[in-house]
1. Connecting C-alpha atoms closer than 10 Å in a GNM of the chain, tell me which of 49, 82, 175 has the biggest fluctuation.
2. Could you tally the net charge around residue 182, taking each other residue with its Cβ under 14 Å from the Cβ of residue 182, Lys/Arg +1 and Asp/Glu -1?
3. Pairs of alpha-carbon atoms within less than 8 angstrom and 6+ residues apart define the contacts here; what relative contact order does the chain have, in percent?
4. What is the diffusion coefficient of the stretch 6-195 in µm²/s, taking the Kirkwood radius over Cα pairs and the Stokes-Einstein relation at 20 °C with a viscosity of 1.002 mPa s?
5. Probe radius 1.4 Å, ligands and nucleic acids ignored: give me the carbon and sulfur share of the accessible area of the chain as a rounded percent.
6. Could you tell me which helices of the chain pass both thresholds, a Cα extent of 18 Å or more along their own axis and a mean Kyte-Doolittle hydropathy of at least -0.5, with helices taken as whole DSSP H runs?
7. Probe of 1.4 angstrom, ligands and nucleic acids ignored: what's the accessible area per residue over the chain, in square angstrom?
8. Please give me, ordered by residue number, the trypsin sites (Lys or Arg not before Pro) of the stretch 58-99 that lie in loop per DSSP and have at most 10 other Cβ atoms within 10 Å.
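The values are calculated or read from the model by the stated rules, or taken from the named source; none is laboratory data. Computed from a predicted structure; not experimentally measured. A quick note on method: Cβ atoms are made from the backbone with ideal geometry, for glycine too, and the neighbour counts reach across all protein chains shown. Surface accessibility is based on the protein's heavy atoms, side chains included, excluding ligands, DNA and RNA. Shrake-Rupley method; radii C 1.70, N 1.55, O 1.52, S 1.80 Å.
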Amino acid sequence: MTQPLPLLIFAGSTRAQSHNRRLAHVAADMARAAGAQVTHIELADFDLPIYNADLEARGTPAAAIRLKEIFHAHPAWVICSPEYNGSYTGLLKNTIDWVSSPVKSDPAWTSGTKPFAGKVVGLLSASPGALGGLRSLSHLTPLLLNLQCWLTPKQFALSRAADAFDAEGQLIAEPARQAVQGVVEQTLWAAARLSNA
Ligand code: FNR
């Protein structure tokens, strides 16, 4: 019997009522239903200062090392990206900068791309606007390609997100559910073929 595929999911927002955190819950449920072994993390649980190389020279924060380990351990990821000013959030960038920064004193992490290389990443976004945060995905895509990730051809931006979820946090519109499912399934499909997991 094949092992369940480890899939990591997180949102680029820590806001209590975040649409992207809601979307991450929906996608995580779908991935579990598809047989994946899901690790759903909240970036609020990782205490990372704004990246600063002088600070880093005094020691990489434990949260950054923990995130490197988590990223590296999962061949498939789904990221739910909010859109700020037509791009992804500073939180997401700061997290990725810390996780991609080499740790000179630790032989396990001298390669900055190690936590990213070869990962299959499905991208979702949600915004109250008409474009659903689509522009954040168009910026996140080249960033992740630069870090040697594989991006699924399917991506989905959930528009009018403030009205998209019911009281239980489920997506109301069936086409939106199907689009999220499409990204999740394609991520798992590709990761199963590109990884040794
Ligand atoms: C936004 N928002 C936003 N929305 C959008 O669709 N396009 C945009 O360019 C921006 N720009 C933007 C800039 C800043 C500084 C803020 C604070 C917000 C709105 C944003 O999408 C909205 O606040 C979402 O609810 C954020 O995602 P979460 O926290 O709900 O996941």
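1. Comparing 49, 82, 175 in the GNM, the peak value goes to 175.
2. Working: positive: 154, 177; negative: 174, 185.
My count for the surroundings of residue 182 gives 0.
3. Numbers: 369 pairs, mean separation 46.9, N = 197.
It rounds to 24 percent for the chain.
4. Working: Rh = 16.6 Å.
The Stokes-Einstein estimate is 129 µm²/s.
5. Details: 5030 of 9560 Å².
About 53 percent, which is the carbon plus sulfur part of the accessible surface.
6. Helix filter hits for the chain: 134-146, 174-194.
7. Working: 9560 Å² over 197 residues.
Heavy-atom accessible area per residue stands at 49 Å².
8. Values: sites: 58, 66, 68, 93; in loops: 58.
Those satisfying the criteria are 58.
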